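Colleague: I'd like to ask you about the structure that follows.
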Amino acid sequence: MGATAAEIRSAPIPAASGRVLRRRLFDYFGWGLCALAFLLLSSAMIWILVVVFLRGFSALTWNVMTHVTEGTGGGLLNAIEGTVVLAFGGILLACPPGLAAGIYLAEFDRGRLAPVIRFLSDVLVGVPSIVIGYFGYVTMVVALGWKFSVAAGSVALAIISLPYICRTTEMSLRQVPRPLREAAYALGAGDGRVTMGICVPSALPGILTGILLALAISVGETAPLIYTAGWSSYLWTGHLTNEPVGYLTYAIWAFITEPFSSAHALAYAAAFFVTFFVLVISIVARAVLDENAGWRRLRSWERRKA
Amino acid sequence: MGNLTESEVIIGVPGPDRTIQDSVNEASKSALKIAVGHLNFHYGPRQVLFDISLEIPDRKITALIGPSGCGKSTFLRTLNRMHETVNGTRAEGEVLLDGQDIFAIDVVRLRRRVGMVFQKSNPFPKSIFENVAYGLKINRMANRSAIAEIVEKSLRRAALWDEVKDHLHKSAYSLSGGQQQRLCIARALAVDPEVLLLDEPCSALDPVATAKIEDLLLDLVSSCTIVIVTHNMQQAARVADYTGFFLLGKLIEFNKTDVIFKNPAQKETEDYITGRFG
């Protein structure tokens, strides 16, 4: 008991007994299994990325980015433009109701409505996207007479984005520490001011991440667009209805099964663009969610204001 | 100490001039700030406060002590109706602020008059300046130039001005724990409250930062009524004029601090003070 720190430090390390050896072996075994699982998972992802990027790179030419599709050849400018328009259109449509629903769920859920909204939102996440495409076709394309169009495609993507935006908004608002709200209430702030002035700004990185996640999903969707946006080999002329529009995932889906090497090249290039966009959005989302990055942003903003 | 008369026994009050000030205050204004009558508090089906009656004197420091879970924080939060921000709470009874029923006046006005500082410092994710200005802005209490003046005055009253005057626009999170807590006090002072409630404001601070806050409270009490919940009996003895002892949701004893610590009337109080439990 009376050993001093120096005595303990200088004491010889006991030789590994049988039990210690067994424990170490078991430890190595566990680590080995973890490494194996990691390799298995990451190799699939790396394989996909390598195939997409290698084939995409070899198919990438200046032409692909500056020309529109001609038959099964040409470029993808129309599809790149269409994907950007549709994805941003979908996000713009989904944000107001998604953010409002998320704020309602997190801050004002004293009524009976909240569990219903939460359940519906969870159901919406689970609905296969092709069902949403079919729904969009029946309602917007046919019944409303919008034809294949940016409007119909954007609404379909908005329906898919909505639950992600709603739930990430709710979750990030719930993570705002209660003492922060109490501080505002104690100074005489009302519910609205506490929510909009204190909670939403604090939760902003999380909310933005949700929106970016929804954007990434929209960029990668195919099924809901096939029935609502159609396909066009021309650039979009700006009409919201009655004008089909191209998008990258269609090029992958349609051209990879064509028997022409020019079509294959377009499919590889389109796959490269989609993967690249999603990757960039994910990296941006990560950077936004990084709390330190968020704080740095806030501080520099305050410095500029001062 | 044994040869002092009872009126001379004042624990933790610095200097004899304070007693003079006390008697002047007591003579010149109504000594009563908050009167609580038969307050019962329910948290859902559970009752946590039982028939609390208590009179909090004006411009004095009143300390509430007691073991964890005795209801002292709940009691404190009832005084500016902060309990209403938690679902399922119910307060019954009478709480009068200057003779007015606090449950009958507008909650925003009440909280402006009765400010609060919390156990853990909780500055907003804004600049130091914006933190102090927040209450003024949301209550539209001052214009732009006046706000800057009041922010400075509040930071001075909270003994923080000299440490932050050169970086008012830095994030409040760049301050140390003790500074953040004083910032929260400055934020509460900016709207010029009549009463300041403090819920264990020093429990997360080291002794040096604690001493600063205690000095600050002794300065502030000349202009506002202070009610402080504390786990630290020495703190109550050092700063408080009056002390209330809570146990299991009941107010066991309330009296001048020196009476509570030197000559408590109740056995439970004596047991707690002497460290026999709690």
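Colleague: Roughly what would the spin-label model give for A:A143 and A:M171, points 7 Å off Cα along C-beta, in nm?
Modeller: 3.3 nm
Colleague: Report the relative contact order of segment A:78-247, percent, no decimals, based on alpha-carbon pairs under 8 angstrom and at least 6 residues apart.
Modeller: In percent, rounded to a whole number, it is 40.
Colleague: Suppose every Lys and Arg Cβ carries +1 and every Asp and Glu Cβ carries -1, with no other charges. What dipole size does segment A:78-247 come out with about its Cα centre, to the nearest 20 debye?
Modeller: Taking the Cα centre of segment A:78-247 as origin, the dipole is about 360 debye.
Colleague: Then there is this: Semi-axes of the equivalent ellipsoid of the protein assembly as shown: what are they in whole Å, largest first, if each equals the square root of 5 times a C-alpha gyration tensor eigenvalue?
Modeller: The equivalent ellipsoid of the protein assembly as shown has semi-axes of 62, 32, 23 Å.
Colleague: If I build a Gaussian network model for chain B, linking alpha-carbon pairs within less than 10 angstrom, which residue out of B:V227, B:V259, B:V195 has the largest mean-square fluctuation?
Modeller: B:V259
Colleague: How many angstrom lie between the Cα centre of segment B:202-278 and the Cα centre of segment B:104-169?
Modeller: 26 Å
Colleague: Over 32 Å between Cα atoms, which of B:K60/B:K267; B:K137/B:K165; B:K126/B:K250; B:K60/B:K165 qualify?
Modeller: Cα-Cα > 32 Å for B:K126/B:K250; rest within.
Colleague: Report P(r) for segment B:153-197: all Cα-Cα distances, bin width 5 Å, range 0 to the bin holding the largest distance, values in whole percent.
Modeller: 5, 24, 33, 24, 9, 5
Colleague: Using only the Cα atoms of segment A:240-294, build the gyration tensor, take square roots of its eigenvalues as a ≥ b ≥ c, and label the shape rounded, prolate or oblate: rounded if a/c is under 1.5, else prolate if a/b is larger than b/c, else oblate.
Modeller: oblate
Colleague: Taking the Cα atoms only, what angle lies between the long axis of helix B:144-157 and the longest principal axis of chain B, rounded to 10 degrees?
Modeller: Roughly 40 degrees, rounded to the nearest 10.
Colleague: Want the number for B:K120 to B:H38: 0.36 nm per residue separation, take away the alpha-carbon distance, what's left?
Modeller: Gain on extension, B:K120 to B:H38, equals 26.5 nm.
Colleague: Now a separate question. So how exposed is A:V123, as accessible area in Å² (1.4 Å probe, rounded to 10)?
Modeller: Estimated to the nearest 10 Å², A:V123 gives 70 Å².
Colleague: Dividing the alpha-carbon Rg of segment A:78-247 by 2.2 N^0.38 Å yields what?
Modeller: Normalised by 2.2 N^0.38 Å, the Cα Rg of segment A:78-247 equals 1.18.
Colleague: For B:G93, enumerate residues with amide H under 5 Å from its amide H, sequence gap 5+ or separate chain, H modeled in the peptide plane.
Modeller: Residues meeting the criterion, in which the H sits 1.01 Å from N, are B:N40.
Colleague: Counting only helical runs of four or more DSSP H residues, what would the 222 nm mean residue ellipticity of the protein assembly as shown come to if each run contributes -39,500 (n - 2.57) and the total is spread over all its residues?
Modeller: -17500 deg cm²/dmol
Colleague: Pop the C-beta distance of B:K262 and B:A104 into the FRET formula with R0 = 41 Å and round what comes out to the nearest 0.05.
Modeller: 0.55
Colleague: Now for a different question. For the pair A:Y234/B:N143, report the inter-label distance in nm, with labels modelled 7 Å from Cα in the Cβ direction.
Modeller: Reported label-point gap for A:Y234 and B:N143 is 6.0 nm.
Colleague: Now for a different question. Tell me which of B:A63, B:G93, B:G44 sits at the most positive position along the dipole axis of chain B, charges placed on C-beta atoms (Lys, Arg +1; Asp, Glu -1).
Modeller: Checking the options against the dipole of chain B, the answer is B:G44.
Colleague: What angle do you read, to the nearest 10 degrees and between 0 and 90, between the alpha-carbon axis of helix A:261-289 and the longest principal axis of chain A?
Modeller: 40 degrees
Colleague: Quick one: 3J(HN,Hα) in Hz for segment B:67-74, Karplus 6.51/-1.76/1.60 with θ = phi - 60°, rounded, Gly and Pro as x.
Modeller: Whole-Hz 3J(HN,Hα) from phi for segment B:67-74: x, 4, x, 7, x, 5, 5, 4.
Colleague: Taking every Cα atom in segment B:24-157, find the radius of gyration and the maximum pairwise distance Dmax, and write them in Å.
Modeller: 17.1, 50
Colleague: Suppose we keep just the DSSP beta bridges with both residues in the protein assembly as shown; what percent of those would be antiparallel, to 5?
Modeller: Values: 27 of 44 bridges.
Percentage antiparallel, nearest 5: 60.
Colleague: Keeping all protein chains in place, calculate the accessible area per residue for segment A:78-247 (probe 1.4 angstrom), answer in Å².
Modeller: Per residue, segment A:78-247 has 42 Å² of solvent-accessible surface.
Colleague: To continue, here is another question. Relative contact order for chain B using alpha-carbon pairs under 8 Å, separation at least 6, rounded to a whole percent?
Modeller: Working: 478 pairs, mean separation 73.1, N = 278.
Once divided by the residue count of chain B, the mean separation gives 26 percent.
Colleague: Moving on. Looking at segment A:65-158, which trypsin sites (Lys or Arg not before Pro) are DSSP coil and have at most 14 other C-beta atoms within 10 Å of their C-beta?
Modeller: Listed in order of number, the matching sites are A:R110, A:R112.
Colleague: Can you pull out the buried accessible area for chains A and B, both sides counted, probe 1.4 Å, rounded to the nearest 100 Å²?
Modeller: Buried area between the two chains comes out at roughly 2200 Å².
Colleague: Tell me, what ³J(HN,Hα) does each residue in segment A:43-48 have, in order and in whole Hz, if you take phi through Karplus 6.51 cos²θ - 1.76 cosθ + 1.60 with θ = phi - 60° and put x for Gly and Pro?
Modeller: Couplings: 5, 4, 5, 4, 4, 4 Hz.
Colleague: Mind checking B:124-134 for the average number of partner chain beta-carbons within 10 Å of each residue's beta-carbon? Please list the in-between numbers first.
Modeller: Working: counts 8, 11, 6, 7, 1, 2, 3, 1, 0, 0, 8.
Across B:124-134, the average partner-chain Cβ count within 10 Å equals 4.
Colleague: Hey, another quick one. Evaluate the relative contact order of chain A (contact order divided by residue number), counting alpha-carbon pairs under 8 angstrom at least 6 apart; express in whole percent. The partial results should precede the final answer.
Modeller: On the way: 404 pairs, mean separation 75.4, N = 306.
About 25 percent, as a whole number.
Colleague: Quick one: with all protein chains in place, what share of the accessible area of segment A:78-247 is carbon or sulfur, to the nearest percent (1.4 Å probe)?
Modeller: Answer for segment A:78-247 is 72 percent, counting heavy atoms of protein chains only.
Colleague: While we're on this one: Give me, ordered by chain and number, the residues 5 or more places off B:E253 or on other chains with an amide H under 5 Å from its own placed amide H.
Modeller: The list, which skips near neighbours in sequence, is B:F245.
Colleague: Using a 10 Å cut-off around each Cβ of peptide B:185-192, what is the average number of partner chain Cβ atoms that fall inside?
Modeller: Working: counts 0, 0, 3, 3, 0, 1, 2, 0.
Rounded to a whole number, the mean comes out at 1.
Colleague: Just to be sure I understand: with springs between alpha-carbon atoms less than 10 Å apart, which residue in A:L41, A:L99, A:L225 has the highest mean-square fluctuation in the Gaussian network model of chain A?
Modeller: Comparing A:L41, A:L99, A:L225 in the GNM, the peak value goes to A:L41.
Colleague: Is the shape of chain A best called rounded, prolate or oblate, per the rule: a/c under 1.5 gives rounded, else a/b larger than b/c gives prolate, else oblate, with a ≥ b ≥ c the square roots of the Cα gyration tensor eigenvalues?
Modeller: It is oblate, given that a/c is not under 1.5 and a/b is not larger than b/c.
Colleague: State the extension gain, in nm to one decimal, for the chain segment bounded by A:L49 and A:N242, taking 0.36 nm per residue of separation less the distance between their alpha-carbons.
Modeller: 65.8 nm
Colleague: Continuing with this model, one more query. Calculate the FRET efficiency for A:F38 and A:S261 from the Cβ-Cβ distance with a Förster distance of 41 Å, rounded to the nearest 0.05.
Modeller: Once the sixth-power term is evaluated, E becomes 0.65.
Colleague: I've got another one for you. Please list, by residue number, every one of the chymotrypsin sites (Phe, Trp or Tyr not before Pro) in segment B:45-131 that is coil in DSSP and has at most 16 other beta-carbon atoms within 10 Å.
Modeller: In loop regions of segment B:45-131 (DSSP not H, G, I, E or B), the sparsely surrounded chymotrypsin sites (Phe, Trp or Tyr not before Pro) are B:F103.
Colleague: Further question: Please name whichever of A:A189, A:L162, A:G82 sits farthest to the positive end of the charge dipole of segment A:78-247, dipole taken about the Cα centre and charges placed at Cβ: Lys and Arg +1, Asp and Glu -1.
Modeller: A:A189
Colleague: Please turn the phi angles of segment A:183-194 into ³J(HN,Hα) values with the Karplus equation 6.51 cos²θ - 1.76 cosθ + 1.60 (θ = phi - 60°), one per residue in order, whole Hz, x for glycine and proline.
Modeller: Once rounded to whole Hz, the list reads 4, 5, 4, 5, 8, x, 7, x, 3, x, 5, 4.
Colleague: Looking at chain B as a GNM with Cα springs under 10 Å, which of B:R59, B:R113, B:R140 has the largest mean-square fluctuation?
Modeller: B:R140
Colleague: Largest first, how would A:I256, A:I207 line up by accessible area (1.4 Å probe)? Provide the component values of the computation, followed by the final result.
Modeller: Numbers: A:I256 70, A:I207 10 Å².
Ranked from most to least accessible, the order is A:I256, A:I207.
Colleague: Hey, if we sort B:D199, B:D166, B:D219 by accessible area with the 1.4 Å probe, largest down, what's the order?
Modeller: Numbers: B:D199 15, B:D166 135, B:D219 110 Å².
Listed by decreasing accessible area, they come as B:D166, B:D219, B:D199.
Colleague: Mind checking the angle between helix B:207-220 and chain B's longest principal axis? C-alpha axes, 0 to 90 degrees, to the nearest 10.
Modeller: In chain B, helix B:207-220 runs at an angle near 90 degrees to the longest axis.
The values are calculated or read from the model by the stated rules, or taken from the named source; none is laboratory data. None of the values given here were measured: they were computed from a predicted structure. Cβ atoms come from the backbone with ideal geometry, glycine included; neighbour counts cover every protein chain shown. Each accessible area value is taken on the protein alone, full model and side chains, heavy atoms only, with ligands, DNA and RNA left out. Shrake-Rupley method; radii C 1.70, N 1.55, O 1.52, S 1.80 Å.
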